Amino acid sequence: MASLHELIKIYEQEINNFQPSDAADLENYRIRFLGTKGIVKQLSGEMKNVAPDERKEAGQMLNSFKSLAEEKYNSYANLKQEQNNGPVIDISLPGTPIPAGTRHPLRMVEDEIVSIFEKIGFSVATGPEIEDDWHNFTSLNMPAHHPARDMQDTFYVAQNPDWVLRTHTSSVQARILETQSLPVRVICPGRVYRNETISARAHCFFHQCEGLYVDKNVSFADLKQTLYYFVTEMFGENTKVRFRPSYFPFTEPSAEMDISCTVCGGKGCNLCKHSGWVEILGCGMVHPDMLRNFNIDPEVYTGFAFGMGVERITQVKYQVNDLRLYSQNDVRFLRQFRPA
Ligand code: DAH
């Protein structure tokens, strides 16, 4: 039988070579060498067989063997701790950054438009994107075969010729006048659809914000002042506005509103096509016939309405020159709108 001395040498080598791969491995080591029936205990039991004059030396050897076995075990303290408490987490290490998303630029601008109008008492109203002919066209003074329907190329829903993808948010005006009692003062953001070939300047879906205010004694001056307030909030105090006569079937009189160019300040550049002005919305006094369509007496009530394209406002505010960018989801484009 090998002597105690020889056994210690063999086990020492094993200990020196030992490298636990995980906490379970280390635990097996502990049981094998340091456990109650482990090798250190067994070898201590051998002491009684050692000749008395060799006992002192054997005892010293055994002690240093025991220390070696314990030190090895203790040197893997992190694994030990893992075994007791689960994985070791160094809370002083910097965290892994999680890339934060942001709101889409169109959503940011839409929210801004809405909040500007909310400040002066408008509340938000929405309507369906699949709309019937009455709310999208007829009630807005565009009966079938009315030439104004040609202003908008329409997507029809195949199952039912009466259904369209709404071509404008003016359909929400109709729904509001139909269901709410007067006075009403609403801002209606939403997506609209037109059968357009997609290009830098046109898209088959885009976003609008409609405004409607109907009450007693609402005048064109109220319309102008409301929109002027919107422009100064949105584009800054020095922005000028001008109104040009226009035509919409659901307003009379109708106008389009331009603002002084936000890029060149009116001197002339690409955005304003060297005119110094950019058109941002259509507006007018709600047509008396439209009020009558909803049993509202135009002798008692008057109102104004306006409609603006959210893409257009975003383009003017941030000089985006290609409508397709909004729906391509290119993060290099989207990241530029991250709030500071
Ligand atoms: N619905 C019109 C369009 O899509 C925009 C518009 C013009 C809305 C005048 C209005 C308005 O409410 O009064 O082109």
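The values are calculated or read from the model by the stated rules, or taken from the named source; none is laboratory data. Just so you know, these numbers come straight off a predicted model, no measurement behind them. Neighbour counts are summed over all protein chains in view; Cβ atoms, including those assigned to glycine, are modelled from backbone coordinates with ideal geometry. We work out accessible area using only protein heavy atoms, side chains counted, and drop any ligands, DNA or RNA first. Shrake-Rupley method; radii C 1.70, N 1.55, O 1.52, S 1.80 Å.
Please list, ordered by first then second residue, the pairs with beta carbon atoms under 9 Å, 6 or more apart or interchain, first in the stretch 191-212 and over 30 Å from Glu252 (Cβ atoms), second more than 13 Å from the ligand (Cβ to nearest atom) and of a type in the set (D, E, K, R).
These pairs meet every condition: Ile198/Arg324; Ser199/Asp322; Ser199/Arg324; Ala200/Asp322; Ala200/Arg324.
Rundown of residues vs (1) open to solvent by 70 Å² or more (accessible area, probe 1.4 Å); (2) within 16 Å of the ligand (Cβ to nearest atom); (3) not assigned by TED's automatic domain parsing to the domain that holds Asn217, yes/no style:
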{"site": "Met151", "(1), (2), (3)": "yes, yes, no"}
{"site": "Tyr156", "(1), (2), (3)": "yes, no, no"}
{"site": "Gln159", "(1), (2), (3)": "yes, no, no"}
{"site": "Val164", "(1), (2), (3)": "no, yes, no"}
{"site": "His168", "(1), (2), (3)": "no, yes, no"}
{"site": "Ser171", "(1), (2), (3)": "no, yes, no"}
{"site": "Ile176", "(1), (2), (3)": "no, yes, no"}
{"site": "Ser181", "(1), (2), (3)": "yes, no, no"}
{"site": "Pro189", "(1), (2), (3)": "no, yes, no"}
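Hey, can you tell me all the residues within the stretch 297-323 that are surrounded by 14 or more Cβ atoms within 10 Å (Cβ to Cβ), modelled with pLDDT of 95 or more and either more than 14 Å from the ligand (Cβ to nearest atom) or not assigned by TED's automatic domain parsing to the domain that holds Ser139 (or both)?
Within the stretch 297-323, Pro298, Tyr301, Thr314 meet the criteria.
Could you check the stretch 147-168 and list, in sequence order, the residues that are charged (D, E, K, R) and without any contact (Cβ under 8 Å) to a residue 12 or more places away in the chain?
Residue satisfying the conditions is Asp150 alone.
Having 3 or more residues that are touching a residue at least 24 places away in the same chain (Cβ under 8 Å) is the bar; report the helices (runs of 4 or more DSSP H) wholly within the stretch 267-340 that clear it.
Output list reads 288-293, 310-318.
Pick from Cys264, Cys269: which is touching a His at 6+ places or on another chain (Cβ under 9 Å), more than 12 Å from the ligand (Cβ to nearest atom) and in the same structural domain as Gln173 (by TED's automatic domain parsing)?
Answer to the check: Cys264.
Table: residues versus (1) open to solvent by 60 Å² or more (accessible area, probe 1.4 Å); (2) out of contact with any Lys or Arg (no Cβ under 7 Å at 6 or more places or on another chain).
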position: Phe18; (1), (2): no, no
position: Thr36; (1), (2): yes, yes
position: Gly101; (1), (2): yes, yes
position: Phe117; (1), (2): no, yes
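The conditions are (1) open to solvent by less than 20 Å² (accessible area, probe 1.4 Å); (2) over 24 Å from Ser123 (Cα atoms), and Lys273 fails exactly one of them. Which is it?
Status for Lys273: all satisfied but (1).
Taking Arg32 as meeting all but one of (1) open to solvent by less than 100 Å² (accessible area, probe 1.4 Å); (2) not assigned by TED's automatic domain parsing to the domain that holds Ala174, write down the number of the exception.
With respect to (1) open to solvent by less than 100 Å² (accessible area, probe 1.4 Å); (2) not assigned by TED's automatic domain parsing to the domain that holds Ala174, Arg32 is out only on (1).
Would you mention how many residues in the stretch 199-252 are aliphatic (A, V, I, L, M), at pLDDT 95 or above and surrounded by fewer than 17 Cβ atoms within 10 Å (Cβ to Cβ)?
1
May I ask you to say which residue of Phe243, Phe250, Phe294 is more than 33 Å from the chain's Cα centre (by Cα) and either within 11 Å of the ligand (Cβ to nearest atom) or within 16 Å of His168 (Cβ to Cβ) (or both)?
Only one candidate qualifies: Phe250.
Quick check: anything in the stretch 52-72 part of a loop (DSSP other than H, G, I, E, B), loosely packed, with under 10 Cβ neighbours inside 10 Å and out of contact with any Lys or Arg (no Cβ under 9 Å at 6 or more places or on another chain)?
Within the stretch 52-72, none of the residues are part of a loop (DSSP other than H, G, I, E, B), loosely packed, with under 10 Cβ neighbours inside 10 Å and out of contact with any Lys or Arg (no Cβ under 9 Å at 6 or more places or on another chain).
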